[in-house]
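Peer 1: One structure, pasted below without further comment.
Any read-out appearing in this document is the output of simple, stated calculations on the displayed coordinates, not a laboratory observation. Just so it is clear, the model here is predicted, and its values are computed rather than measured. Here the Cβ positions follow ideal geometry from the backbone for every residue, glycine too, while neighbour counts run over all protein chains shown.
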């Protein structure tokens, strides 16, 4: 057994995503090896995270004095497009390719079984409201992962959003870079043949 | 050191694709554990492989009295489509999804560096001839893997086949089943956004 | 579906240890790519395997006119030692380190649950007989893998062989080359501390 | 690009052992999802780490008013044994098996090339001093990992400590639980045969 402060911090680090007890212990010993100034720097950086705000329009995080995030206040973005993603890192992935110029909406997760409790954790009401309040939106891109959960959630969203009479699209499916026909599942091959060009 | 017959067969099994010395040894001990009748059955099955013919039109393997393989002699297939694949197992993968009804052409490999020697190993002359001899072909689907080699080979084929004035397509690209935006490369994300529907 | 000869050989290759349908298919296409002389060479090598004999003393395989294998007929080996191994490749592994100069006995497997049917597949009667017939044996080394199955089988053998009043040993346990204390299980750490020197 | 506070914390988390940029980003978004009280709890726990002291005798960490750690002040431990380990988690691994009752010494690392700069980072002078100051020590167990670095460091320590005329041992080597002869390296097999019992 480690000493109580060590055990306590291991417990908190173990709650970090993907981190188990052993790695959490390595984190703590890493911190013990730091000098006080480095520890203070880390604490300060964690404090600063409290300044991070959530944009009430797209639910992405941002900092600063404004009410909305940088993307939502950018007048040069394409107002006719909204891209629904599961989580903030997906927004970052799409921004990085510098191809999409519309707006975003962070759904906050996906659901597998369409249980009511799970669905209520997603920002579905907020998404509906967002689209109703912005009649300039013409296309809703459901950019959820093509996993079982992502597909189930996309189907559910299509049903919910249908009455709003917008074009609803999903990301194109097919072979990914580096993929091989030999290992592709049948759906991917079908999509790849369908989407040939 | 194993005995000479064992070592000799290990050497031959080691040439099988993906098989190293250790697995080759396990194969030999597996054969030693078989009775004579089972060994004869295996030898007979290997002998029979010599009866397998290569179709002179699509270069797929086949058996029987006919000159051409079953697909090439099937009158209900769509004569306007030809699908170029790297190897026979890719043909099998596409047939399995029961979606494609055109013809095939087994290229026999892909090339990475476009070295003349490597290119000459592919059936490129034969592909050109096949298309020239069959004016009913309207679309050439280059169904090579979206790997570096597959892409380089597709580019090369497009250049070679352009003068024949046929529609040339490639398999659709995008996210594969089970894929995640977070781990997708930029090209795949671009393809997925482009190909949304 | 592949042609019947191809499917038939895929089926037989799929029975090879560790080989699934996809790899079996690659094996067949590899054979199709060989010329007739190469096929004949493979068939000849498989035929030759039928000449391999099993040594009635140690149950290792061997070739030649003699009744016993090369190790069992080697007068310079140490007659006081017999090493019981699970399978022939383990014998090869031990021979390779050129440290052990005694004799061997290939048990033919290990058992996990000590079911009578499983135990009967092992050469336990033959092992007892071997030791009874060779009173010069002074130490029986149970060189089975330190896996659950190997340990269960070693325990069983110890019980069976105890009445023969020979020294019975097992391979030393501890940290393996490249191992790390951090990832070692408790039993291995205990053995490593116990066996320090 | 994430906002500056987010990027700053990602940068700091990326310095944590084994953590890359992507996982560091997930950590930050995890923190953003926490409420202020949970953030404060984490900051408090990190602050507390500053109270952790290093024992001047064994260089393990500890907390409390005492000068020495709990193990070094435990009168029931065996004063004749000292176990040299690379890092604190190795001490923890050995304590967990409840078999060793002697004292410890945390070396602070291992060296691969015996470069002077690397060696100077280890607590070798302190180890010599510890042993000289405690004539009751009779056996020094070098419990470093049996990796290239660990072995090189053990050899070096043996040379340095030899003049002190103590028994110097290393952890026992052999097959680890679940290991297989077939995959064992030659040194491990040799150790396993040597150490049979």
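Peer 1: Please compute the modelled spin-label separation between residue D:134 and residue D:118, points set 7 Å along Cα→Cβ, answer in nm with one decimal.
Peer 2: 2.7 nm
Peer 1: Taking N as the number of residues in the stretch A:96-142, what value does Rg over Cα atoms divided by 2.2 N^0.38 Å take?
Peer 2: 1.36
Peer 1: May I ask what percent, to the nearest 5, of DSSP beta bridges between residues of chain C are antiparallel?
Peer 2: So the antiparallel bridges in chain C amount to around 15 percent.
Peer 1: Scan chain B for the residue whose Cβ is closest to the axis carrying it onto chain C, then write down that distance in whole angstrom.
Peer 2: Per the Cβ-to-axis criterion, the result reads B:43, 3.
Peer 1: State, to one decimal in nm and shortest first, how far the label point of residue C:128 sits from each corresponding label point in the other identical copies (label point: 7 angstrom along Cα-to-Cβ).
Peer 2: For residue C:128, the inter-copy label distances come out at 6.3, 7.8, 7.8 nm.
Peer 1: For residue C:180, place a label point 7 Å out from Cα along the Cα→Cβ vector, do the same in each other copy, and report the separations in nm, one decimal, smallest first.
Peer 2: 2.3, 2.4, 3.1
Peer 1: Among B:181, B:107, B:144, which one shows the highest mean-square fluctuation when chain B is modelled as a Gaussian network with alpha-carbon springs under 10 Å?
Peer 2: B:181
Peer 1: Continuing with the same structure: What is the order of B:85, A:168, fewest Cβ neighbours within 10 Å to most?
Peer 2: Ordered from fewest to most neighbouring Cβ atoms within 10 Å, B:85, A:168 come out as A:168, B:85.
Peer 1: A further question on this structure: Calculate how steeply helix A:36-49 sits against the longest principal axis of the alpha-carbon atoms of chain A, using the helix alpha-carbon long axis, and give the answer as 0 to 90 degrees to the nearest 10.
Peer 2: 30 degrees
Peer 1: Please work out the FRET efficiency for the pair residue D:76 and residue B:54, using the Cβ-Cβ distance as r and a Förster radius of 56 Å; give the result to the nearest 0.05.
Peer 2: According to the calculation, E is roughly 0.10.
Peer 1: Calculate, for residue A:44 and residue B:149, the FRET efficiency according to 1/(1 + (r/R0)^6) with r their C-beta to C-beta distance and R0 35 Å; round to the nearest 0.05.
Peer 2: 0.10
Peer 1: Right, something else. Can you compute the radius of gyration and Dmax for the protein assembly as shown, using only the Cα atoms, both in Å?
Peer 2: 34.1, 97
Peer 1: For a Förster distance of 35 Å, can you work out the FRET efficiency between the beta-carbons of residue C:182 and residue C:156, rounded to the nearest 0.05?
Peer 2: After rounding, the FRET efficiency stands at 0.55.
Peer 1: How shielded is A:8-14 by partner chains, expressed as the average number of their Cβ atoms within 10 Å of its Cβ atoms?
Peer 2: Rounded to a whole number, the mean comes out at 4.
Peer 1: A further question on this structure: For the pair residue A:125/residue C:165, report the inter-label distance in nm, with labels modelled 7 Å from Cα in the Cβ direction.
Peer 2: Modelled inter-label distance: 8.7 nm.
Peer 1: Same structure, new question: Give me the tail of P(r) for the stretch C:109-169 as a percent: Cα-Cα pairs with distance above 18 Å.
Peer 2: In whole percent, the long-distance tail amounts to 32.
Peer 1: Moving on to the next point. Using a Gaussian network model on chain D with a 10 Å cutoff between Cα atoms, which of D:64, D:108, D:179 fluctuates the most?
Peer 2: Maximum fluctuation in the GNM of chain D, among the listed residues, is at D:179.
Peer 1: Viscosity 1.567 mPa s, temperature 4 °C: what is the translational diffusion coefficient of the stretch A:1-81 from Stokes-Einstein with a Kirkwood Rh over Cα pairs, rounded to a whole number of µm²/s?
Peer 2: The estimated diffusion coefficient comes to 82 µm²/s.
Peer 1: What angle do you read, to the nearest 10 degrees and between 0 and 90, between the alpha-carbon axis of helix B:4-13 and the longest principal axis of chain B?
Peer 2: The two axes meet at around 10 degrees.
Peer 1: Shifting gears a bit: Dividing the Cα radius of gyration by the Kirkwood radius, what Rg/Rh value follows for the stretch D:40-195?
Peer 2: 1.01
Peer 1: Ordered shortest first, which distances in nm separate the 7 Å Cα→C-beta label point of residue D:41 from those of the other copies?
Peer 2: 2.9, 6.4, 7.0
Peer 1: Further, regarding this structure: So what is the calculated 222 nm ellipticity per residue for chain C, using -39500 (n - 2.57) for each DSSP H run with n of 4 or more, over all residues, to the nearest 500 deg cm²/dmol?
Peer 2: Taken over chain C, the calculation gives -13000 deg cm²/dmol.
Peer 1: Please state, to two decimals, what the Cα-based radius of gyration of the stretch B:4-50 comes to when divided by 2.2 N^0.38 Å (N = residues).
Peer 2: 1.17
Peer 1: I would also like to ask the following. Can you pull the mean other chain C-beta count within 10 Å for peptide B:23-34?
Peer 2: The shielding value for this peptide is 5.
Peer 1: Sticking with this one: Run the quick spin-label model on residue A:18 and residue C:92: label points 7 Å from Cα toward the beta carbon, then report their separation in nm to one decimal.
Peer 2: 3.9 nm
Peer 1: Further, regarding this structure: Along its three principal axes, how long is the stretch B:146-197 when you only count alpha carbons? Whole Å, largest extent first please.
Peer 2: That works out to 40, 26, 16 Å along the principal axes.
Peer 1: A follow-up question, please. What's the average, rounded to a whole number, of partner chain beta-carbon atoms within 10 Å of each residue's beta-carbon in A:38-48?
Peer 2: For this peptide, the per-residue mean of nearby foreign Cβ atoms is 6.
Peer 1: When DSSP beta bridges are limited to those with both residues in the protein assembly as shown, what percentage is antiparallel, rounded to the nearest 5?
Peer 2: Given both bridge residues lie in the protein assembly as shown, the antiparallel proportion sits at roughly 15 percent.
Peer 1: Compute the long axis of helix B:148-161 from its Cα atoms, compare it with the longest principal axis of the Cα atoms of chain B, and write down the angle in degrees, 0 to 90, nearest 10.
Peer 2: 50 degrees
Peer 1: Which of D:90, D:78, D:117 moves the most in a Gaussian network model of chain D with Cα springs under 10 Å?
Peer 2: D:117
Peer 1: Output the relative contact order of chain A, whole-number percent, from Cα pairs under 8 angstrom with separation of 6+ residues.
Peer 2: 13 percent.
Peer 1: Sticking with this structure for a sec: For the stretch D:7-111, what relative contact order do you get, as a whole percent, if you take Cα pairs closer than 8 Å and at least 6 residues apart?
Peer 2: 18 percent
Peer 1: Taking the beta-carbon count within 10 Å as an exposure proxy, list A:76, C:176 from fewest neighbours to most.
Peer 2: Ordered from fewest to most neighbouring Cβ atoms within 10 Å, A:76, C:176 come out as A:76, C:176.
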